[in-house]
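Structure, as structure tokens:
The values are calculated or read from the model by the stated rules, or taken from the named source; none is laboratory data. Since this is a predicted model, take the numbers as computed values, not measurements. As a convention, Cβ positions derive from the backbone with ideal geometry for all residues, glycine included, and neighbour counts pool all protein chains shown. Accessible surface is based on the protein model in full, side chains and every heavy atom, while ligands, DNA and RNA are left aside. Shrake-Rupley method; radii C 1.70, N 1.55, O 1.52, S 1.80 Å.
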Amino acid sequence: MVAMTNSAAVLADAAAYAAAVEEASLAAAAYYATGESALDDDAYDRLARGIAAYEADHPEEVLADSPTGKVAGGAAVGDVPHTVPMLSLDNVFSAEQFVTWTASLERRIGRPVTAWSVEPKLDGLAVAARYRDGRFERLITRGDGTAGEDVSHAAGAVVGLPERLAEPVTIEVRGEILMTNEQFAQGNAIRTEHGGAPFANPRNGAAGTLRAKDRAYRVETTFFAYGALPLPDSGELGEALAELPHSEVLAYVAGLGVHTAAGTAVAPLRATTVEEVQARVDGIGALRAALPFGIDGIVIKADLAADQQEAGSGTRAPRWAVAYKLPAVEKITRLLAVEWNVGRTGIIAPRAVLEPVEIDGSTVGYATLHNPADITRRDLRLGDQVMVYKAGDIIPRIEAPVVHLRTGDETPIAFPESCPQCGSEIDASEQRWRCTRGRDCRLVASVSYAAGRDQLDIEGLGSTRVVQLVDAGLVADFADLFTLRREQLLALDRMGETSTDNLLAAIETARTRPLSRVFCALGVRGTGRSMSRRIARHFATMDRIVAADAESLQRVDGIGKEKAAAVVAELVELAPLIGKLVAAGVSMTEPGATPPPDPGTEEAAAPATADAGAPGGDAATGSALPLAGMTVVVTGAMSGALEKLSRNQMNELIERAGGKSSSSVSRRTTLLVAGEKAGSKRAKAEDLGVRIAVPEEFAELVGAFLTAGEEA
Ligand code: IVH
């Protein structure tokens, strides 16, 4: 269930109240005028709630410019009158508040509401787009709700607002303009290239872009319609629109060629009961982190025109709709330092150290920064106030510095001049910097990774032991493990006969691991466990993987042009190591996988199948496999026959049984295996109508492959 447990600011007296009103008004004015507020949404909401609480206790002291009394964004900018005021929405923050709200609406209209529309609350700016006889005429911001600013000059770069509608109608479409995550990244890159300051977040980006005139570069935004109304000379359409349920208005607008949220994972849905509404609210909440654009809540509207008309509107907000706010996922905090960590493959990656800040229920102290160029591109400086985004279980990221909060005391971020791990030179010829010693720089980490549970699974070979082996000069890469001799091990500290024999036995077993595990142990950048399995099943032997060119690698599901080229380059670098592994008798084949036909044959010339990740020659036997054609996601704790399996082993099992394993639920998911303590993935699957099985049912389905796998 989505709830918001945010406190309100406590205002002790009239002076504190007046100061709060001033701070909120300034922030709101800045937010709506330039998108540059000093407060993040959460801080603003807390302040506004404190003000509302004070006003409830002291109704005689309410100030005229209190943000509670007027349309949000009261800054009067613009002089184009709205035909019908552009209202704001009342907020609820919990299921209880939502139920109370529906009850008061139903009391007011004197009957139950039997149809609701549940849709995303898009986090952008409200605009009205006017069309006359099907032609775009004007784009107007909300302004103070009664009049807005003409921003028609910007319409050409707004995706989703066509120049011409599919029918020659006169209509005003209302909706939200925002930047998708991709548009935001692209927009900021272009902006900083042109010497401009980056936008702090997509919302600011959309606001700034709408207002900008005469820019030397083009930045795109996206429009999502959430309503429509007739204009004075709309003719018959006016009456027709007034009668239509809201959901049909949206469908009509989409049919005219205007973009709506209909094609997205959080498309508006109709619900008939409060329970259904709540389920969809939870579903949208669970989908939020994975969306390619920002939402800050869910809007719930009485769908029927008659219900809306009877409920009517107040001066600030309609009574037939409400915003169910989601917790803030963005906060402003300070960038304290940048750490430079060297990864297993020698990549030198920067990480932002932040003044710890609580976002969406967890404390965020670090955020990813991709590479040095990323820092330069975003013009980040030490001491900057930065906008940090974190939702669900995604890794927190810095959206951008909040440039207007700079004090002048910020300092440039120093880039390392030599490898922070070993002091060697840095290869800075590519975007991602790398220690010139490559994998050797982090030898202990690479060998430990190769020996890890999901790779060669060598029991008894933890990092301490690897350090010993490396220090003793016995191991210069993980292939050397396979030629270790008994007396060499016995000579090490704390290595008795039993541990030595056990380790040697574990290494013997590792020699027979399937290719997918051996390939994964190589630690090729960008190929984790699941990608390694796909590559191994596709090519079936190491020889074929090594011989593959970028083009044939791209036949593997999930490998694009860029990754293919990177894998080919790394395999060249890894050739000596692979040669040593072969010489040491390590298994180089994938049991059960059939290689793809040799290039040049007729079959090879045929287009790649959709599921290139399946074993090459699977076509003949594929249909016999219980999970053929299925995409399966596993979540929660496994039980019964599956209890001991790691996630990686579950995924291996799925793939042996002909399925595709995936870590996230989407419309493409066919089955979710949900054990105890399944969380948001289960909610999402329920929401999307994905079939759900408990571990025991699943074990029955793939029973034969369970034992086959143990032997493999
Ligand atoms: S309906 C008269 N639907 O949220 C009803 N608003 O906080 C007015 N918003 O002013 C709006 N997504 O800018 C509606 N699906 C949606 C929305 C939405 C975002 C914005 C809109 C509104 C603000 C209120």
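Would you list Arg525, Arg485 from the most to the least accessible area, probe 1.4 Å?
If we order Arg525, Arg485 from most to least accessible, we get Arg485, Arg525.
Ranking request for peptides 58-65, 552-559: highest mean number of other beta-carbon atoms within 10 Å first, then the rest in descending order.
552-559, 58-65
Distance between Cα centroids, segment 250-287 to segment 302-334: provide it in whole Å.
Cα centres, segment 250-287 to segment 302-334: 15 Å.
Show me, for segment 196-212, the HN-Hα J-couplings you get by feeding each phi into the Karplus relation (A = 6.51, B = -1.76, C = 1.60, θ = phi - 60°), rounded to Hz, glycine and proline as x.
So the Karplus estimates, Gly and Pro as x, are x, 7, x, 6, 5, 7, x, 5, 4, x, 5, 4, x, 5, 4, 7, 5 Hz.
Give me the percent of accessible area attributable to carbon and sulfur for the chain, probe 1.4 angstrom.
52 percent
Taking the Cα centroid of segment 212-246 and of segment 488-507, what is the distance between the two, rounded to the nearest whole Å?
Their Cα centres are 74 Å away from one another.
What does the helix-only formula give at 222 nm for the chain: each DSSP H stretch with n ≥ 4 adding -39500 (n - 2.57), the total divided by the residues, and the result rounded to the nearest 500 deg cm²/dmol?
It lands at -10500 deg cm²/dmol.
I want to check the label-to-label distance for Thr376 and Asp543. Put each point 7 Å from Cα in the C-beta direction and report it in nm to one decimal.
Here the modelled spin labels are 4.6 nm apart.
Measure up Lys390/Lys561; Lys121/Lys390; Lys390/Lys684 against 21 Å on the Cα-Cα distance and list the ones that go over.
Check vs 21 Å cut-off fails for Lys390/Lys561.
Go ahead and run the numbers for FRET between Asp440 and Ser666, Cβ-Cβ distance against an R0 of 30 Å, rounding to 0.05.
So the FRET efficiency works out to roughly 0.15.
Ranked from highest to lowest mean number of other Cβ atoms within 10 Å per residue, what is the order of the peptides 684-691, 646-653?
646-653, 684-691
Residue separation times 0.36 nm, minus the C-alpha to C-alpha distance between Val159 and Arg351: what's the value?
So the chain would gain 65.7 nm between Val159 and Arg351.
Quick one: accessible area per residue over segment 380-440, 1.4 Å probe, rounded to a whole number of Å²?
So segment 380-440 comes to 54 Å² accessible per residue, rounded to a whole number.
Need the list of lysines near Lys563 for cross-linking: C-alpha distance under 24 angstrom, and skip anything on the same chain fewer than eight residues off.
Lys660
Write down the accessible area per residue of segment 520-596 in Å², having rolled a 1.4 Å probe over the full set of protein chains.
I get 42 Å² per residue for this part.
Given charges of +1 on the Cβ of Lys and Arg and -1 on the Cβ of Asp and Glu, with all other atoms neutral, how large is the dipole of the chain about its Cα centre, in debye to the nearest 20?
Using only the charged Cβ atoms, the result is roughly 1080 debye.
If you count only protein heavy atoms with a 1.4 Å probe, what accessible area per residue comes out for segment 651-712, rounded to a whole Å²?
For segment 651-712, the per-residue accessible area is 52 Å².
What's the ranking of 633-640, 118-125 by average number of surrounding C-beta atoms within 10 Å, highest first?
Answer by packing, highest mean first, reads 118-125, 633-640.
Place a point 7 Å from Cα of Ile190 in the direction of its Cβ. Which residues in segment 350-394 have their backbone N less than 13 Å from it?
Label zone hits: none.
I need the calculated FRET efficiency for the pair Thr368 and Ala290, taking r as the beta carbon distance and R₀ as 25 Å, to the nearest 0.05.
About 0.90, to the nearest 0.05.
Residue separation times 0.36 nm, minus the C-alpha to C-alpha distance between Arg107 and Asp133: what's the value?
Length difference between fully extended and current span is 5.3 nm.
Evaluate E = 1/(1 + (r/R0)^6) for Arg334 and Asp233, where r is the Cβ-Cβ distance and R0 equals 41 Å; express this FRET efficiency to the nearest 0.05.
In this case the efficiency is close to 0.15.
Give the distance, in whole Å, between the Cα centre of segment 642-682 and the Cα centre of segment 94-165.
39 Å
Along the charge dipole of the chain, Cβ charges K/R +1 and D/E -1, which of Ala306, His194, Val470 sits furthest on the positive end?
My answer, from the dipole projection, is Val470.
Suppose the chain between Glu182 and Ala637 were pulled fully straight at 0.36 nm per residue; how much longer would it get relative to their current alpha carbon spacing?
In short, 160.3 nm is gained.
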